[in-house]
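Peer 1: Please read through the structure below; I'll follow up with questions.
A short reminder: the numbers here are calculations on the coordinates, not readings from a lab. As the structure is a prediction and not an experimental result, all values here were calculated from the model. Positions of Cβ are generated from backbone atoms using ideal geometry, with glycine treated the same way; all protein chains shown enter the neighbour counts.
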Amino acid sequence: MTFTMLIFKVVSKVIHLSGARIDQQASTILQDVDLQLNETEFIYLIGRTGSGKSSLLKTIYAELPLKEGTGEVAGFDLNKMRKKDVPMLRRKIGIVFQDFQLLQDRTVYDNLLFVLGATGWKEKQLMDKRAKEVLQLVGVESKINAMPHQLSGGEQQRVSIARALLNKPALILADEPTGNLDPETSEEIMRLLLAVAREEKTAVIMATHDMRMVEKFPGKIYRVENGKVITN
């Protein structure tokens, strides 16, 4: 009798960067970056505008190449990334933007179906099921047929979080997710983000300069300043 052994790589560290150098437009933005993020962990990335937070996030989702050092994200080696591997990596990453970035010409439901189709989903029944699941998870299932302009800022951000969860990502990158929201709504979004990350067993990096949120919802902090990433 012949047995075939399948070996699956267990990813306990969602991100592991060591000695990383990140360049943009021929200038070094960050160097000697060491950053680790474990499964289900929540960390803050803080720093002034222009400090390099966005460049670091872009490197994590393979928009900017790693110029030096080693890096692994969701089981993908950044040093060995081929162009055809990038979409596969990005299916393991959900992104929540400050300005929501919903498609304004279609309903909430169609926004989600668009992302599912773009990331390789084919079966309409499964797509419908997943879209409704994530909207229920973030508490806006009643807005499924609404257009984005009919939603409040907080509701739009909830839809943005739902969109980020569609592919059951290993990692969510939240780039200033409370930047366009009032303090009360910001707290609601933070509680939601933390709750759904636990529910979905997803790691989160939140880039922010909103220290009120950092103080109210404590977590591990990485500070970006003077071309370095420093752990508090």
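Peer 1: Let me spell out the model: positive unit charges on the Cβ of Lys and Arg, negative unit charges on the Cβ of Asp and Glu, origin at the Cα centre of the chain. What dipole size does that give, in debye rounded to 20?
Peer 2: On the way: 32 positive and 29 negative charges, 158 e Å.
Dipole of the chain, to the nearest 20 debye: 760 debye.
Peer 1: Continuing with this model, one more query. Which whole-number percentage describes the relative contact order of segment 174-225, with Cα contacts under 8 Å and a sequence gap of 6 or more?
Peer 2: 50
Peer 1: In terms of the Cα gyration tensor, with a ≥ b ≥ c the square roots of its eigenvalues, is the chain rounded because a/c is under 1.5, prolate because a/b exceeds b/c, or oblate?
Peer 2: Oblate shape, in that a/c is at least 1.5 and b/c is the bigger or equal ratio.
Peer 1: Taking θ as phi - 60°, what are the ³J(HN,Hα) couplings along segment 213-220 by the Karplus curve (6.51, -1.76, 1.60), each to the nearest whole Hz, with x for Gly and Pro?
Peer 2: For segment 213-220, the Karplus curve yields 5, 4, 6, 7, 10, x, x, 5 Hz.
Peer 1: Normalising by the residue count of the chain, find the relative contact order in percent from Cα pairs under 8 Å and 6+ residues apart.
Peer 2: Working: 410 pairs, mean separation 65.0, N = 232.
With pairs under 8 Å counted, the relative contact order is 28 percent.
Peer 1: What is the local net charge at Phe76, summed over the other residues whose Cβ is closer than 9 Å to its Cβ (Lys, Arg +1; Asp, Glu -1)?
Peer 2: -1
Peer 1: For Glu63 and Asp128, what is the calculated FRET efficiency with R₀ set at 22 Å and r taken between the beta-carbons, to the nearest 0.05?
Peer 2: 0.10
Peer 1: Moving to a separate point now. Among the complete DSSP H segments of the chain, which ones combine at least 15 Å of alpha-carbon extent along their axis with a mean Kyte-Doolittle hydropathy of 1.0 or more?
Peer 2: Membrane-span-like by this criterion, though nothing is claimed about a membrane: 108-118.
Peer 1: Starting from the 7 Å offset along Cα-to-Cβ, what nm value, one decimal, do you get for the label separation of Arg212 and Met88?
Peer 2: About 4.4 nm separates the two model spin labels.
Peer 1: Now a separate question. Between Ile221 and Arg198, 0.36 nm times their residue separation minus their Cα-Cα distance comes to what?
Peer 2: That works out to 6.4 nm of additional length.
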